[in-house]
1. Exactly one condition in (1) within 14 Å of chain A (Cβ to nearest Cβ); (2) among the aromatic types (Phe, Trp, Tyr); (3) in contact with a Phe, Trp or Tyr (Cβ under 8 Å, 6 or more places away or on another chain) is false for residue B:111; which is it?
2. Would you point out which residue out of A:349, A:360 is more than 14 Å from chain B (Cβ to nearest Cβ) and over 18 Å from the mean Cα position of the chain (by Cα)?
3. What are the residues in the stretch B:383-428 that are surrounded by fewer than 20 Cβ atoms within 10 Å (Cβ to Cβ), at positive phi and away from every other protein chain (no Cβ under 11 Å), if any?
4. Looking at the structure I just gave you, is residue A:77 surrounded by fewer than 16 Cβ atoms within 10 Å (Cβ to Cβ) and at pLDDT below 90?
5. Consider residue B:143 carefully, then state whether it is within 12 Å of chain A (Cβ to nearest Cβ), touching a residue at least 24 places away in the same chain (Cβ under 8 Å) and at negative phi.
6. Of all residues in the stretch B:93-108 being away from every other protein chain (no Cβ under 13 Å) and surrounded by 23 or more Cβ atoms within 10 Å (Cβ to Cβ), which is nearest to residue B:56 (Cα to Cα)?
7. Check the stretch A:36-53 and report whether any residue there is over 26 Å from residue B:275 (Cβ atoms) and not assigned by TED's automatic domain parsing to the domain that holds residue A:381.
Amino acid sequence: MAKSLAAQLKESAPPCADASPSNYLFKDHPDENKWADCVHCGMCLESCPTYLETGKEQHSPRGRVHLIKSVAEGQISVNEHFADPVFQCLDCRACTTACPADVDVGGLIEEARGQVRKAIPLKGWKGAVSGFFLKGLFPHPDRMRTVSGLLKFYQKSGLQSAVRKTGALKIMPSHLADMEAIMPKVKQPVQKKYKDYKFIPAKGNPKARVAMLTGCIMDVMFSDINESTINVLTHNDNDVVLPKNQTCCGALHVHAGDRDMGRKLAKQNIEAFQEEGKVVVNAAGCGCALKEYPELFKDDPEWKAKAEVFSDKVEDISKYLYDTGYEKPKSTVNKKITYHDACHLAHGQGVRHEPRQLLQDIPGVEYTEMANADTCCGSAGIYNITNPDMAGAVLERKMENVPEEVEMISMGNPGCMLQMALGVQKYGRRSEIVHTVQLLDWAYQKDKENIAANQKAITMKG
Amino acid sequence: MFRSKRKRQTRKDVHVAQLEAIVGPTEILYEREDLLSYDCDGFTVHKAMPKAVVFPKNTEEVAAIVRYCSVHNLPFLARGAGTGLSGGAIPLNGEVIISLGKMRNLLSVDYENRQAVVQPGFVNLKLTNSISNKGYYYAPDPSSQYVCTIGGNVAENAGGAHCLKYGVTTNHILGLEVVLPNGEIIEISEDGIPDSPGYDLMGLLTGSEGTLGIVTKITVRILKNPQGKQTVLAYFDNVEDGSRAVSGIISAGIVPAALEMMDKTAIEGVEAGAYPVGHPDDIEALLLIEVDGIIAGIDEQIDEILTVCKSRNVREVKVAESEEERGKWWANRKTGFGAMGAISPDYLVQDGVIPRSKLPEVLRRIKEISEESGLRIANIFHAGDGNLHPLILFDSRVPGETEKALEAGTACLKACADVGGSITGEHGVGIEKKEEMRFIFTDEELEAQTRIREVFNPDDLLNKGKLFPTPSRCMDVKKVIKDTVAVK
């Protein structure tokens, strides 16, 4: 009788194992305990947008984990062929939801990206773009405010319409020109508007004090959402603090493999919010990054402990409102609305029910659930700039699921909002893109107007 | 489209260039890093590198690839989602892997005749999802149904929790289009009419583990959703009582749609995984029982099941109160294998079948095997049809543990064979259990089956080294295994 497989394996085992076969050459390398949970079952495959698009294992979560592990086992080295699947990942975390064993694929990908960027620094236009935005701009609130001013000038001066007419956009890569077309109207950053406030007081008796992350891009491109967030918080009796020393959350840096910069920004934020008990965030990507700060300090017990204390304070705005209670608006918003789950809210923070409930508590809202609502839209930080083809393909799939008749698509992340706006424009849809808190804010505003109108009517009668 | 502009380091070999001419430059992989993801499937004990991976878009491309391989004497094999648990898609001989992942469409649905035609890369659960709005579903439901492909299901004759009542894949296949190992395209039962005269080729091909041909189109039976459905969860303080309850339910004349069992270690795993239900941590066994069919009669069956459970000293038994609760119980069960990752770095799943009456005896034996090997063994299984899945938990990083796990697996299968059972219920033989085929077949019986393979696959280029032990060439096989281990 032939020998069993076990016996055959035993005979062929190498006489001694290599002491350290790993091809990760830098500190902070992918954590063995993370991949040890993966048993290669493949339950993640169908959740992965890049696998669905390419059909190739190396662009699937389990394929990527396998590659990351193979570098540690010395089978392959950190080179371009390894970098490609690691950077094609959208970091959408859908696989962590699908995984029966809770393998932290996102964490592994980010650690692997750190190794790649140290081994192979970015060159060419990608390096220039990434360096300009990630190092030169986002971490500097003062520069961001300047940009805000410039953008406002660009839009208000008529320059934007002039540029659009001249066809200067035609010489830009098409995906960047597409993005220019959906640039939101830039308003005044809340950090500037409230710069003389110690805190923005609650409307009624304050029940709590919350600090708010104003964000980098958020406060430039989407300051109206920040404004709405403040309005909704104060309306529901929260004093709102905007700590001055806060900075960019670092999510984009960590996604791009610049973990050192990520740590620097994390430390600044941890300190900026040290005195606060609750940190409310209206951008899913930022919230998720803040909650994952401890990951960045695996090898630094002192900061890890601080990061853990900090991350416990972080809460998405929809969850905070849901947990602490909010006034249901009385005025109606008569709109057909659907909701898109931002990856870093649904998969990253497990927040799914709360924003949907919030929407459905607004009178008049006709809510329709979107099929595959928690599938990535392709925004993924700056992925839509660095990987336009894949981002476009993922967006196309997303748009196929948006119900035809909806007038508004609500969500909780600025990156998604830009990408979905692009989708709406590209596929000739008419839905408006809104942040969940904006809707609530509008309903409250309407309440206020109605009350004012009623009072006016009463006064006039009187 | 998504290929980055990177410098090719490997000089393309002539076969790769020819295969690329068939499928196009974006649909072939041949760089070492890209191939690495294809060095194993759901069976990870064994790894081997393919020569290339090709992604055909249609039957003609599959046939062209197969013809090329056949003419040039290149070993090749087909791969679906790569979730197989016996190593059927592992390229032992440096095969050209033909991935059917790009042939993933639902081609047509014929509600009137209750059948659907799918491409082999179409995902099992997507079929049910695509027809559920009309009140239909596809019955075979392997636990990996969220991701596994129907082509792979045909190759392995996959089962699933609900096969107790509805039968395994072979009972649901009505027609196949197959590319034979010489590149010829044939249709079996083209119009999906069952019981066509002549030999039952469909039966032969279903479960042939990719050794007789590559399925490129499948006509499957679809079923009307049952009118009603109820699910029971029962907790037992000892395995023996649980096992006796299983026999009791079946001998009471009830045919549940599903009758699943988990033991204590398995419960620890699923509760540590992503879909915990909150099972008590001190029970020894649980049963998940589902009854479906026309509404009239379901309540009586449930009452009877509750009575049987109570007579077998059940600690607690409850009926799912909502679809949500039912879904939770099933998600917890169906992700059970993967969830073992939460309590062990590696696992090896076995797939024995035994007569139901022997459950307590075999489970006792498995417990002994666990103690002898020093490895924990979790049991998740389709108790209703006696299909055991002992999950042997080990850590491949500890020298010697992989071998111990394999030995324990073999011992579990031996225990099944010894009571008159079989070494596989639904996962297939693949690489994993080919030697164990000797537990249930004589040399003559194996030889007879090998001769059938030779009719279809005379040069043994298609998925060589799977399914059967190779008596005359066992030295060759040993060499291959040595090589693959060296790669690992």
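1. Against the list (1) within 14 Å of chain A (Cβ to nearest Cβ); (2) among the aromatic types (Phe, Trp, Tyr); (3) in contact with a Phe, Trp or Tyr (Cβ under 8 Å, 6 or more places away or on another chain), residue B:111 comes up short only on (1).
2. Of the residues listed, the single one that is more than 14 Å from chain B (Cβ to nearest Cβ) and over 18 Å from the mean Cα position of the chain (by Cα) is A:360.
3. Of everything in the stretch B:383-428, just one residue is surrounded by fewer than 20 Cβ atoms within 10 Å (Cβ to Cβ), at positive phi and away from every other protein chain (no Cβ under 11 Å), namely B:420.
4. Numbers: surrounded by fewer than 16 Cβ atoms within 10 Å (Cβ to Cβ): yes; at pLDDT below 90: no.
The answer is no for residue A:77.
5. Yes.
6. Among those that are away from every other protein chain (no Cβ under 13 Å) and surrounded by 23 or more Cβ atoms within 10 Å (Cβ to Cβ), it is B:96.
7. Checked against the condition, which is being over 26 Å from residue B:275 (Cβ atoms) and not assigned by TED's automatic domain parsing to the domain that holds residue A:381, the stretch A:36-53 yields at least one hit.
Okay, residues lined up against (1) without any contact (Cβ under 8 Å) to a residue 40 or more places away in the chain; (2) in the same structural domain as residue B:367 (by TED's automatic domain parsing); (3) farther than 17 Å from residue B:318 by Cα:
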{"position": "B:245", "(1), (2), (3)": "no, no, no"}
{"position": "B:248", "(1), (2), (3)": "no, no, yes"}
{"position": "B:256", "(1), (2), (3)": "no, no, no"}
{"position": "B:262", "(1), (2), (3)": "no, no, no"}
{"position": "B:266", "(1), (2), (3)": "no, no, yes"}
{"position": "B:270", "(1), (2), (3)": "no, no, yes"}
{"position": "B:288", "(1), (2), (3)": "no, no, no"}
{"position": "B:297", "(1), (2), (3)": "yes, no, yes"}
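The values are calculated or read from the model by the stated rules, or taken from the named source; none is laboratory data. The structure displayed is predicted, hence computed values, not measured ones. Here the Cβ is made from the backbone with ideal geometry for all residues, glycine too, and neighbour counts use every protein chain on show.
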